[in-house]
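Colleague: My questions will all concern the structure given below.
The values are calculated or read from the model by the stated rules, or taken from the named source; none is laboratory data. Just so you know, these numbers come straight off a predicted model, no measurement behind them. A quick note on method: Cβ atoms are made from the backbone with ideal geometry, for glycine too, and the neighbour counts reach across all protein chains shown.
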Amino acid sequence: MKRLAIYNMKGGVGKTAAAVNLSYAAAQLGARVLVWDLDPQAATTFYFRVKPKVKGGGKGIVGGKRDLDDLIKGTDFEGLDLLPADLSYRRFDQLLDDQTDDDAIFKLVRPLRDDYDFIFFDCPPSLSRLSENIFRAAQSLIIPLVPTTLSLRTYDQVAAFCEKKKVKKLQMSPFFSMVDRRKKLHREIMEAFPKKHTNLLPTPIPYASVIEKMGVERAPVAAFAPRSRAAVAYGSLWQDILDTL
Amino acid sequence: MPTPSTRRIEVRGDLTLEKIHTVLAAFADPVGPIRKSILRPCDTFDGALHRAGLAAYWTESGRDLTWLCHDLVTGELRAKVELSADMHEAERSTRPIVFAELLAEKPVGEDISSVLGYRNPLDLAQLPVHRRQYVRRDEEGKMILRVEHLHPMPRQDQGEGAATQLGREDLSPWLEIHPVRGYLKKADEFCNWCKRALGGVDTDAGFVKSLIEAGHIKPTTYSSKLSLDFGPKTSARTAAFQTFRHLFGVMETNFPGVLADADSEFLHDFRVAVRRARAALHLFRRELSRDVREALSHDLKKLGQMTGPVRDFDVYLLDEKQLRGALPTVQQHDLDPFFDHLVKERAKARASLVSALETAETRDALSHWLHFFSSDPETTREVDPGFSGLAAKALRIQLTRMLTDGRKITKRTPAEALHDLRKEGKKLRYILEMSRSVLAEELCSGLLKSLKRLQTILGNFQDFEVQADFLMEAADTMNRPALKSQSAREARTKAVMALGVLSTRLMEKKTEARAQFAAEFADFDNEERSASLKTLRKMEAKASKKKTVAKKPKTKPKAKTKTKAKKDRA
């Protein structure tokens, strides 16, 4: 089971859209996929039409009173399951603080290793105890970057943090998200960034209204607009990720 | 990824398609139109799936063909293969297909492919149905379960040679409810509601099990294994007749499958039965009159010869993956023209085989021998030695011969001696298999295990040489016709080069097998063999004391002479 985290400490960069669309692309290729929505906003849960309700809440999960297995919901798509989020997840950091080590998330998902080929962690935008747990649980950090100065700054901060915490096994794979090629700044950053960061995934995700439409359709883009530029881009980005694994 | 088990509810037989639709549509959204589909329960010819606790069927809708395999008891889905009906038919008609190979590529199918082996699933019956899908959603619009309504159509006329036709008269309509993970309670509620509204009952497994339980389909019990059970007092002639009857029975059972080319194992089993019969002819030579022996030997030889070429091509085609795998990756596709050539040559060989098998002479020969050996085995000898004595003697002689011949083989002995030893080994194995029921189990199992290991080495040694020669011959044949296009000529050159590499590899393997022979033979020729020989001698001595004087036949044996048999068939 490959463990991938869709992460950026900055909000509004397309993390949830990436988690939903990449997991769908993986399942469409025949893989067995689980998405764990860790964001108390429960946007991924909403996109998959699942009720944002976790029996026992985050406390039940971290305290070991609930098996993740019992909380998993099948989505409308074959091979794709979801571990939903609810508001109780806002206390995840606090709950993890009570744990003695930083491997709590890893230990929780380990029993599922034979059931799934991929697990996607859809992370909330922060750099917290939960993030530290995720960095240790995941093998690959997929980082959506909007080609703007602030977004790039956060990438450097995360990279520096991981280095400081000596999370050596974590592979960082940034990709450009919400790209608007009409903007000069976007074009310039997209040209300059790969020169310093060879780990950049080649496929950018365009800024597209069809991605915003996911909220209305409550489904991955490829499920309702399979020929759209965004759907094709997510499919191609998934291939890029597979090449790195 | 654990998938919740499908629940199956059989509904009242008198409910029409429309009535059920009206009821279901009130609580679930129909998806797509009503489709016609044919469900074809299937199993291998030897019933391997049923024996392994599996129930499989094809569903054919238009050009879509899906193979589904469930656990017979729990109904859990174990494998699913989707392919187009066009592809299925096209592939089946040109070359031997190993269905298990298709399955092995799927993550779910590994254990099932080992159950199937080289056998393909064949239709046991046909059940045409109307089917319609529904989806039930919650207030968020989320799918919480899928329902499929399958409604058998009235039984159709039995077509000539077709599988058993089933219909509405044999099976009630049923619902398959597929719960979504995390919504099992909702699925239970829906099932209970369906049972109340449609007068349905839960059934614990799939429709294939229902058809088996109702006796509409019968799992096959065929086995190519020699399952002969002789007692200590069985006379040699009775054993001979029973053995031949079994072997000609196997040939007759496999005959239609050989003609239809449904899978390569029909021809394989047919040929094994012929070879065993030839070994039996040697074992029971004194139990048959000279005329019978000659006529039988003639017919068996002919059957062996006519079936040989197709089997040879089958062996290479079934080994395609291994042969390609023996080459470097860049060269593996260079063998494409070679395999195309094999497919064409096999088609020619099959045409000859079919016309030879369909002649009245062949059919008559098979039915004649089956009839002949089904008759009363009146003895031709005044003193019948009893089968156990005969078997012990034959086994001792054959084992002694093998040990003597094998001990003479040194590093410098020509290859022919090893080939001859392999033939002797085959004879020994057949005698052992035919007489297993009258011999001590320890003697049989120990000897058989050791013999199999030795035969593998001898088989490799001979097969690698034969294969290397075959490849070079094929390269030569492929080189003959003039080709106009430059690309075709280039492809052929590459194929010939690849065959050269492959042939060299095979010769290297042959050398390895030869090097292994001495150690394997030393392992075979051990104290256990000397003990086996002693045991066999004791058995012979015991049997000779008990020689039974057979009753003189009231009438002369019914065996036909070779010429008389021919006249009859004409």
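Colleague: Filter the stretch B:185-202 down to the residues that are within 14 Å of chain A (Cβ to nearest Cβ) and either of a type in the set (Gly, Ala, Ser) or surrounded by 15 or more Cβ atoms within 10 Å (Cβ to Cβ) (or both), then identify the one that is nearest to B:Ile20 (Cα to Cα).
Modeller: Step one: list which residues in the stretch B:185-202 are within 14 Å of chain A (Cβ to nearest Cβ), which gives B:185-187.
Cutting the leftovers down to either of a type in the set (Gly, Ala, Ser) or surrounded by 15 or more Cβ atoms within 10 Å (Cβ to Cβ) (or both) gives us B:186-187.
Numbers: B:Lys186: 20, B:Ala187: 18 Å.
Taking the candidates together, the pick is B:Ala187.
Colleague: Only residues that are touching a residue at least 60 places away in the same chain (Cβ under 8 Å), closer than 27 Å to B:Ala239 by Cβ and among the hydrophobic types (A, V, I, L, M, F, W, C): list them for the stretch B:410-433, please.
Modeller: B:Ile431
Colleague: Could you please give the count of residues in the stretch A:13-52 that are within 11 Å of chain B (Cβ to nearest Cβ), of a type in the set (A, V, I, L, M, F, W, C) and farther than 17 Å from A:Ile119 by Cα?
Modeller: Final tally of qualifying residues: 2.
Colleague: Out of A:Val20, A:Val54, A:Val35, which single residue is among the β-branched types (Val, Ile, Thr) and over 21 Å from A:Glu212 (Cβ atoms)? Steps first, please.
Modeller: On the way: A:Val20 fails: over 21 Å from A:Glu212 (Cβ atoms); A:Val35 fails: over 21 Å from A:Glu212 (Cβ atoms).
Going through A:Val20, A:Val54, A:Val35 in turn, the sole match is A:Val54.
Colleague: State yes or no: is A:Gly235 exposed (fewer than 14 other Cβ atoms within 10 Å of the Cβ) and within 20 Å of the chain's Cα centre (by Cα)? It would help to see each step written out before you state the result.
Modeller: On the way: exposed (fewer than 14 other Cβ atoms within 10 Å of the Cβ): no; within 20 Å of the chain's Cα centre (by Cα): yes.
Criteria not met by A:Gly235.
Colleague: Considering each residue of the stretch B:240-286, count those that are outside any helix (DSSP H, G or I) and among the hydroxyl-bearing types (Ser, Thr, Tyr), and give that number. Full working, then the answer.
Modeller: Step one: list which residues in the stretch B:240-286 are outside any helix (DSSP H, G or I), which gives B:261-263, B:284.
Imposing the further condition that a residue be among the hydroxyl-bearing types (Ser, Thr, Tyr) reduces the set to none.
Going through the stretch B:240-286 one residue at a time, the tally reaches 0.
Colleague: Now a separate question. Which residue out of B:Pro173, B:Pro179, B:Pro152 is of a type outside the set (Asp, Glu), more than 14 Å from chain A (Cβ to nearest Cβ), in contact (Cβ under 8 Å) with a residue 60 or more places away in the chain and surrounded by 15 or more Cβ atoms within 10 Å (Cβ to Cβ)?
Modeller: On the way: B:Pro179 fails: more than 14 Å from chain A (Cβ to nearest Cβ); B:Pro152 fails: in contact (Cβ under 8 Å) with a residue 60 or more places away in the chain.
B:Pro173 is the lone residue from the list that is of a type outside the set (Asp, Glu), more than 14 Å from chain A (Cβ to nearest Cβ), in contact (Cβ under 8 Å) with a residue 60 or more places away in the chain and surrounded by 15 or more Cβ atoms within 10 Å (Cβ to Cβ).
Colleague: Pick from B:Arg436, B:Arg407: which is touching a residue at least 60 places away in the same chain (Cβ under 8 Å), basic (Lys, Arg) and closer than 24 Å to B:Phe284 by Cα? Write out each step before concluding.
Modeller: Values: B:Arg407 fails: closer than 24 Å to B:Phe284 by Cα.
None of the others qualify; the one that does is B:Arg436.
Colleague: Taking helices (runs of 4 or more DSSP H) that do not extend beyond the stretch A:53-172, which have at least 2 residues that are within 14 Å of another protein chain (Cβ to nearest Cβ) and at negative phi?
Modeller: Working: elements: A:57-62, A:68-71, A:92-97, A:104-109, A:129-137, A:149-164.
Answer list for the stretch A:53-172: A:68-71.
Colleague: Restricting attention to the stretch B:373-385, report how many residues are touching a helix residue (DSSP H, G or I) at 6+ places or on another chain (Cβ under 6 Å), modelled with pLDDT under 85 and either among the hydrophobic types (A, V, I, L, M, F, W, C) or within 10 Å of B:Glu540 (Cα to Cα) (or both). Walk me through how you get there before you give the answer.
Modeller: Taking the stretch B:373-385 first, the residues touching a helix residue (DSSP H, G or I) at 6+ places or on another chain (Cβ under 6 Å) are B:373-374, B:377, B:379, B:384-385.
Checking which are modelled with pLDDT under 85 leaves us with B:377, B:379, B:384-385.
Subsequent filtering for residues that are either among the hydrophobic types (A, V, I, L, M, F, W, C) or within 10 Å of B:Glu540 (Cα to Cα) (or both) retains B:385.
Residues flagged as touching a helix residue (DSSP H, G or I) at 6+ places or on another chain (Cβ under 6 Å), modelled with pLDDT under 85 and either among the hydrophobic types (A, V, I, L, M, F, W, C) or within 10 Å of B:Glu540 (Cα to Cα) (or both) within the stretch B:373-385 amount to 1.
Colleague: Sticking with this structure for a sec: Run A:Lys15 past the list (1) among the basic types (Lys, Arg); (2) buried (at least 23 other Cβ atoms within 10 Å of the Cβ); (3) modelled with pLDDT under 90 and report the number of the one that doesn't hold.
Modeller: Of everything listed in (1) among the basic types (Lys, Arg); (2) buried (at least 23 other Cβ atoms within 10 Å of the Cβ); (3) modelled with pLDDT under 90, A:Lys15 misses just condition (3).
Colleague: For the stretch B:1-73, which fully contained strands (runs of 3 or more DSSP E) count at least 2 residues that are closer than 27 Å to A:Asp115 by Cα and among the charged types (D, E, K, R)? Spell out how you get there, then give the answer.
Modeller: On the way: elements: B:7-10, B:29-43, B:54-61, B:64-71.
Counting at least 2 such residues, we get B:7-10.
Colleague: Regarding A:Arg181, is this residue modelled with pLDDT under 95, in a loop (DSSP other than H, G, I, E, B), farther than 17 Å from A:Leu22 by Cβ and not hydroxyl-bearing (Ser, Thr, Tyr)?
Modeller: Answer is yes for this residue.
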